[in-house]
Amino acid sequence: MKVTTRRARLLRHTGFYIAAFATTAFVATPILFALLGGFKDNQQLRENALGLPSPWNTGNYTDVLASGAFWQQVFSSVFIALVTTFIVVACSAMVAFVFARFAFRGREGLFTLFAAGMMFPFAVAVLPLFIILRSFELLNSPFGVILPQAAFGLPLTIIILRTFFRSIPAEVEEAATIDGAGPWLFFSRILLPMARPVLATVSVLALVGSWNSFLLPLVVLQKSTWWTLPLGVTQFSGQYASDTAKVLAFVMLAMLPALVFYGFAERHLISGLTTGGTKG
């Protein structure tokens, strides 16, 4: 009986590791191909697409890094992503606090209305959103991207933060009230510090989502002044359609900031999701 149990456990673990390895290979292979392809020239890509560069050619990366348009797009992406993340997290935290700690008529119905925003596809809103932004003269403005992105990021963030805020025992709030802390002090001095892992989680999700956004900047930013990196990749791919190696270098450099940020924030992301799951 014990031998059968051990064999079943071994098979389960083996299957898990095989699935994990296959998923990792599926995700990492395109990134590795782009990274190495940027160090090749077009002839090497044609003759040895999957091998190591020989010789290593750094010219593709240095040409992209020397481009002023690339750094302008980096600045635009960073500015839009940071402001979007701040608005999403700040507004969601306050709304989630009200939904979690205050009882009022229509609370659940209003919360359901917010949650329903997750089921509203952005593609359906493109035309009315374009008309609204044009009427407010927000086309070709970074805030024409920031405000809609923040609006579409609110539902999921509110749901995550509300779940965490509801898990805080009522005794903590009662003790704060006895010590003279009102709702705002309880929220800012006690609740937010306790929610740091969850705030880090939603910040990562909002920032990476904004960084990778393509359709909204494509609709709003018709001039190249505020183009983000996803738009820059499209423009660069068209301009250097015959130079695949240089396009791969540009794509890799465009991905690098988000990959580095996610790598540093991964621990906080997992911690926040685990905290929300165990307390909820």
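Odds and ends about this structure:
- Compactness of region 20-97 - radius of gyration and Dmax, Cα, Å: 19.4, 59
- Cβ crowding within 10 Å averaged over residues, with 106-119, 144-157 ranked highest first: 144-157, 106-119
- On the chain, 69 percent of the accessible area sits on carbon and sulfur atoms, based on a 1.4 Å probe.
- Its residue count N sets the reference 2.2 N^0.38 Å, and the alpha-carbon radius of gyration of region 1-130 equals 1.82 times that reference.
- Remark: region 119-168 projects, on average over all directions, an area of 4.3 nm² (convex hull of Cα atoms).
- Scaled radius of gyration (Cα, divided by 2.2 N^0.38 Å) that region 135-233 gives: 1.48
- For the chain, the alpha-carbon coordinates run over 73, 73, 35 Å along the three principal axes, in decreasing order.
- Across q = 0.17, 0.20 Å⁻¹, region 140-189 modelled as identical point scatterers on its alpha-carbon atoms has Debye log10 I(q)/I(0) values of -0.67, -0.76, in the order of the q list.
- Of all complete DSSP H helices in the chain, those with a Cα span along the helix axis of 30 Å or greater and a mean Kyte-Doolittle hydropathy of -0.5 or more are 2-37, 68-101, 142-167, 244-279.
- Note on the chain: with a GNM built from Cα contacts shorter than 10 Å, the maximum mean-square fluctuation among K246, K223, K40 falls on K223.
- With a simple spin-label model that places each label point 7 Å from the Cα along the Cα-to-Cβ direction, the separation between A69 and L113 comes to 4.5 nm.
- Ordered by 1.4 Å accessible area with all protein chains kept, S242, S167 run largest first as S242, S167.
- Residue-normalised accessible area of region 94-174, given per residue in Å² at a 1.4 Å probe: 57 Å²
- Helix-derived mean residue ellipticity, 222 nm - over the chain, DSSP H n ≥ 4, -39500 (n - 2.57), to 500: -25500 deg cm²/dmol
- Efficiency of FRET between F136 and Q222 - r from beta-carbon atoms, R0 22 angstrom, step 0.05: 0.90
- Put a plus charge on the Cβ of each Lys and Arg, a minus charge on the Cβ of each Asp and Glu, and nothing anywhere else: the dipole of the chain about its Cα centre is then about 960 debye.
- Put simply, region 190-262 fits an ellipsoid with semi-axes of 32, 15, 7 Å; these come from the alpha carbon gyration tensor as the roots of five times its eigenvalues, largest first.
The values are calculated or read from the model by the stated rules, or taken from the named source; none is laboratory data. These figures come from a predicted structure and were not determined experimentally. Note: ideal-geometry Cβ built from the backbone for every residue, glycine included; neighbour counts use all protein chains shown. SASA here: full protein model, heavy atoms, side chains in, ligands and nucleic acids out. Shrake-Rupley method; radii C 1.70, N 1.55, O 1.52, S 1.80 Å.
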